[in-house]
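Quick notes on the structure that follows.
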Amino acid sequence: MASSTALVCETQAWKDLKGHVEDVNKTHLRDLMSDAHRCESMMLEFEGLLLDYSRQRATVETMDKLLNLAKAAQLSEKISRMFNGEHINSTENRSVLHVALRAPKDAVIKADGKNVVPEVWSVLDKIKDFSEKIRSGSWVGATGKPLKDVIAIGIGGSFLGPLFVHTALQTDPEAAECAKGRQLRFLANIDPVDVARNINGLNPETTLVVVVSKTFTTAETMLNARTLREWITTALGAPAVAKHMVAVSTNLALVEKFGIDPNNAFAFWDWVGGRYSVCSAVGVLPLSLQYGFSVVEKFLKGASSIDQHFQSTPFEKNIPVLLGLLSVWNVSFLGYPARAILPYSQALEKFAPHIQQVSMESNGKGVSIDGLSLPFETGEIDFGEPGTNGQHSFYQLIHQGRVIPCDFIGTVKSQQPVYLEGEVVSNHDELMSNFFAQPDALAYGKTPEQLQKENVSENLIPHKTFSGNRPSLSLLLPELSAYNVGQLLAIYEHRVAVQGFVWGINSFDQWGVELGKVLATQVRKQLHSSRTQGAAPEGFNYSTTTLLKRYLETSSEQKM
Ligand code: F6P
């Protein structure tokens, strides 16, 4: 067993896996896939959700060795410590309890000795009450009109998760019915173009602005909040803020200082990481305003079902654990630095951008949790697009260029089925034909011999050859309901945690985002003094000085 300061790469289990790579390199997925017994052992079902990881470059022996690695990394203990509310985010001295955000009312989950579930539910009840008032029109704006449109201001974890869930629910029939006549928009970027896009076509009289920020200090969010406050007060007068602006934050003192009535603030807690906050008021408030609390509650229940599965299922059948271990295998042993997230569902178009933050901000680290330099890389480069769009874009590289493990995500039922009389298949079947075909194309490839049999001309054979042996996994959901969206979210959240636990890093801090913020402060000060006093840029290197001079000389201040 690894001691707390030992690196996981020093364990025998890690070394065994290193040695095992040679064995796996002797195999080809074409052959691995012909072993039905192996494939059967690599399929898992949970509540109708089917995971098939038989197209990973892994044998039954690989899986045993990965489970040994889990033991050596004390994965089980680390998962328990998370659920028990221990301060596993040691560099920020915080618990990591996003699981409490979706726990049933009668659950007991403690942070610092206190059951946090009643607090969670008191905020959820407040959201339920507030969102019903807004949706029913019993809460009206400054001129007496109901508020039918919502702009949620926030960035990073205060934006990407809610946007992903909103996009996923938009075309779900039940959610769409509940959202009739309402709009939910997201303002994230400090680029004023994003403000213009958000307010375009909206009337301040009928708009509610939700300022979402864990810290309530994030530069982009606060300037955007001041910008929309100006938009509201210019049109409706200063007192309108009380009716048209609410907030979600852990920093209620700053919310009040900003001018938002504390009664209209929705709390969350420092044991919720920003990128893990979609199940807190961060996501639940805007989503409940749009879809109603009962739809959002189903999303929370879906996430909770995976929390329970993750906490109590033996590792050999535990979806997030197996996915996390396979990611470690791909990154640390097979040496694949990237991963493509490929949902065959347009409703999941914002899933990859959300998981980019969850995964890359969590696991892109250079030192162990004890501060030791890591002699191996952690994290992976995540990107993705919905199929089939991606097929007509970057799949060329995935099929014949670099090897990129792919996650294929599909649904049995479409949210919006279409079948045209006379067509060979329904539109969803057409989409899913690709979902089923692509993993095999990657795994099997196409050999020169096959091409010769097809009478392909000799000069084209190298170009038309597919090496195959490219790993993927398939996740088939019964449908994309609010419940399944919650499940999908929690699977990926826990998978990322598993990877971090095995690598022995802190997946819950994000010091890497700080330096750029500090340097931007220095530039902001310079821009201010140059604009107001004509001061020349000072204290920057040659490159930045030249760029700043060019920017200052050729731009003039613009007012909104
Ligand atoms: O980019 C860094 C970060 O701190 C993220 O971790 C976080 O999700 C985002 O900024 C927004 O932070 P806040 O919710 O405090 O505005």
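The values are calculated or read from the model by the stated rules, or taken from the named source; none is laboratory data. The structure presented is a predicted model; accordingly, all values stated were derived computationally and were not measured. All Cβ positions, even for glycine, are placed from backbone atoms using ideal geometry, and neighbour counts span all protein chains on display. With ligands, DNA and RNA removed, areas are computed over all heavy atoms of the protein, side chains included. Shrake-Rupley method; radii C 1.70, N 1.55, O 1.52, S 1.80 Å.
Conditions (1) away from the ligand (no atom under 16 Å from the Cβ); (2) farther than 14 Å from residue 127 by Cα; (3) not hydroxyl-bearing (Ser, Thr, Tyr), marked per residue:
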{"site": "235", "(1), (2), (3)": "yes, yes, yes"}
{"site": "243", "(1), (2), (3)": "yes, yes, yes"}
{"site": "246", "(1), (2), (3)": "no, no, yes"}
{"site": "258", "(1), (2), (3)": "no, yes, yes"}
{"site": "261", "(1), (2), (3)": "yes, yes, yes"}
{"site": "267", "(1), (2), (3)": "no, no, yes"}
{"site": "273", "(1), (2), (3)": "no, yes, yes"}
{"site": "276", "(1), (2), (3)": "no, yes, no"}
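Looking only at helices (runs of 4 or more DSSP H) that fall completely inside region 1-116, which ones have 1 or more residues that are over 21 Å from residue 319 (Cα atoms)? Step through it out loud before you land on a result.
Details: elements: 12-25, 29-32, 36-41, 60-72, 75-83.
So the answer is 12-25, 29-32.
Filter region 337-396 for residues that are touching a Phe, Trp or Tyr at 6+ places or on another chain (Cβ under 6 Å) and open to solvent by 10 Å² or more (accessible area, probe 1.4 Å); which is farthest from the ligand (Cβ to nearest atom)?
378
For residues that are surrounded by 15 or more Cβ atoms within 10 Å (Cβ to Cβ) and in contact with a strand residue (DSSP E or B) (Cβ under 9 Å, 6 or more places away or on another chain), tally how many sit in region 88-116.
Final tally of qualifying residues: 10.
May I ask you to say which residue of 257, 298 is open to solvent by 10 Å² or more (accessible area, probe 1.4 Å) and in contact (Cβ under 8 Å) with a residue 60 or more places away in the chain?
One residue alone meets the criteria, 298.
Among the numbered criteria (1) in contact with a helix residue (DSSP H, G or I) (Cβ under 6 Å, 6 or more places away or on another chain); (2) open to solvent by 30 Å² or more (accessible area, probe 1.4 Å); (3) of a type outside the set (Asp, Glu), which single criterion is violated by residue 210?
The failed condition is (2).
Examine region 475-491 for a residue that is outside the structural domain of residue 272 (by the TED database), more than 16 Å from the ligand (Cβ to nearest atom), closer than 28 Å to residue 367 by Cβ and touching a residue at least 40 places away in the same chain (Cβ under 8 Å), and state whether such a residue exists. Before you say what the answer is, go through the steps one by one.
Step one: of region 475-491, the residues outside the structural domain of residue 272 (by the TED database) are 475-491.
Those still in the list that are more than 16 Å from the ligand (Cβ to nearest atom) too: 475-488, 490-491.
Now restrict to residues that are closer than 28 Å to residue 367 by Cβ: 490-491.
Okay, now just the ones that are also touching a residue at least 40 places away in the same chain (Cβ under 8 Å), so 490-491.
Yes: one or more hits.
Condition first: in contact with a strand residue (DSSP E or B) (Cβ under 6 Å, 6 or more places away or on another chain), in a loop (DSSP other than H, G, I, E, B) and away from the ligand (no atom under 16 Å from the Cβ). Now tell me which residues in region 158-215 satisfy that.
Within region 158-215, just 202 meets the criteria.
Would it be correct to say that residue 248 is under 16 Å from residue 289 (Cβ atoms), open to solvent by less than 50 Å² (accessible area, probe 1.4 Å) and part of a strand (DSSP E or B)?
The answer is yes for residue 248.
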